1. If I compute solvent accessible area with a 1.4 Å probe over the protein chains, what percent of it on the chain is carbon and sulfur?
2. Where in segment 129-203 are there chymotrypsin sites (Phe, Trp or Tyr not before Pro) that are in a DSSP coil and have at most 15 other Cβ atoms within 10 angstrom of their Cβ?
3. Go through segment 234-285 and name the chymotrypsin sites (Phe, Trp or Tyr not before Pro) that are in a DSSP coil and have 16 or fewer other Cβ atoms within 10 Å of their Cβ.
4. What is the distance in Å between the Cα centroid of segment 193-226 and that of segment 228-282?
5. Rounded, prolate or oblate: which fits segment 142-287 when a ≥ b ≥ c are the square roots of the eigenvalues of the alpha-carbon gyration tensor, with rounded for a/c under 1.5 and prolate only if a/b beats b/c?
6. For segment 63-210, what proportion of DSSP beta bridges, expressed in % and rounded to the nearest 5, is antiparallel?
7. Pull out the extension gain between Ser83 and Ser118, defined as 0.36 nm times the separation in residues minus the alpha carbon to alpha carbon distance; nm, one decimal.
8. Dividing the alpha-carbon radius of gyration of segment 43-85 by 2.2 N^0.38 Å (N being the number of residues), what value is obtained?
Amino acid sequence: AKTAGKRQWRGYHPVLQSGMAERHQLQESLDSSPVETSFLVLYQPIVVLATGEIAGFEALVRWPHSSRGMVLPEQFITLAEESGQIVPLGAWVLGQAAAEAVRWRQRPGPWRPDAQSSAPYVSVNVSPRQFRDDGFLDTVHHTLELSGIEPSSLILELTETVLMRHDDRIRTVMRDLTDLGIRIAIDDFGTGYSSLSYLREFPISVLKIDKSFIDKLGRSPQQYALVEGIAHLADTLGVKVIAEGVENTTQRELLISMGCPLGQGFLFFRPLPSDQAEALILAPDRR
Ligand code: C2E
Ligand code: CA
Ligand code: CA
Ligand code: CA
């Protein structure tokens, strides 16, 4: 009885309480972490599935913490959204990523000097709170000016929750971004209340198919048909598809066979520090 009582005691409210205390501690630690010096951006290559060639990189933030090690975004992005810190943090990530993309363009490659093929783009996650913030467009303008990035080298990844709101301001901001030459991607496609009609309603250039769909590709003919249908429709509408979380060669081959051109995943590369990402961009004769 004593053991059971103890187990119950442990498994019940103290755990809940320690969960809340933990969360509170993390929030405090986050609040006292200056954006400019506390975070790190990694870059995961996005590859042409058929050739392995690098088309671009996704910027993914990390929080190297003195006592917790490398804190992953799952553990702090929600907290940063709740406190509003995601606004300056997201702006900082955008600035870092843009500066990085400018360095990639300066690497010797087929895009210089006569731009036969395009330099690797950088794709940056934008949280709903950040996107809805009144200062977002100014932040983007400022980033373009400060970094000198070609707008065509920048993709902003939005989740479907942003599009679900029937809000004219969202539409206007998206239009302003695409007028600048920036491309917009729908992230985690298929997880929310996805609707292919978003592709008609909004100026979307890229659709990222969520890892959960890619996971089941080889095991379920229905899943294959679904992803193939999405890839075909997107292609018809002139929208590029990127498969997320490609982990094995079966998935890679199935995606190629259904006409999905691009992917990212541990089969190719994990998110890399900027120097390693930059080193991957080679002159054409070294490919
Ligand atoms: P996401 O945008 O869907 O990013 C893809 C996540 O999948 C990344 O996790 C990446 O490391 C992971 N991943 C990529 N390939 C594979 C694979 O083959 N297998 C598996 N198991 N995972 C793979 P990460 O870096 O931990 O980021 C998690 C989420 O945090 C992101 O999901 C994104 O929603 C958010 N996030 C990351 N950086 C930022 C940021 O700068 N701003 C905002 N607002 N959100 C961010
Ligand atoms: Ca993303
Ligand atoms: Ca995603
Ligand atoms: Ca995701």
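The values are calculated or read from the model by the stated rules, or taken from the named source; none is laboratory data. Since the model is a prediction, treat every value here as computed from it, not as a measurement. Please note: Cβ atoms are built from the backbone with ideal geometry, for glycine as well, and neighbour counts cover all protein chains shown. Accessible surface is based on the protein model in full, side chains and every heavy atom, while ligands, DNA and RNA are left aside. Shrake-Rupley method; radii C 1.70, N 1.55, O 1.52, S 1.80 Å.
1. Working: 7770 of 14860 Å².
Percent of accessible area from carbon and sulfur atoms in the chain: 52.
2. Values: sites: Phe131, Phe136, Phe189, Tyr193, Tyr198; in loops: Tyr193.
Passing both the DSSP loop test and the Cβ count: Tyr193.
3. On the way: sites: Phe266, Phe268, Phe269; in loops: Phe266, Phe268, Phe269.
Taking segment 234-285 and a limit of 16 other Cβ atoms within 10 Å, the loop chymotrypsin sites (Phe, Trp or Tyr not before Pro) found are Phe266.
4. Going from one Cα centre to the other spans 13 Å.
5. Working: a/c = 2.03, a/b = 1.08, b/c = 1.88.
It is oblate, given that a/c is not under 1.5 and a/b is not larger than b/c.
6. In segment 63-210, DSSP labels about 20 percent of beta bridges as antiparallel.
7. Numbers: separation 35, 0.36 × 35 = 12.60 nm, distance 3.82 nm.
Here the answer is 8.8 nm.
8. Details: Rg = 14.9 Å, N = 43, 2.2 N^0.38 = 9.2 Å.
Relative to the rule-of-thumb radius for its length, segment 43-85 sits at 1.62.
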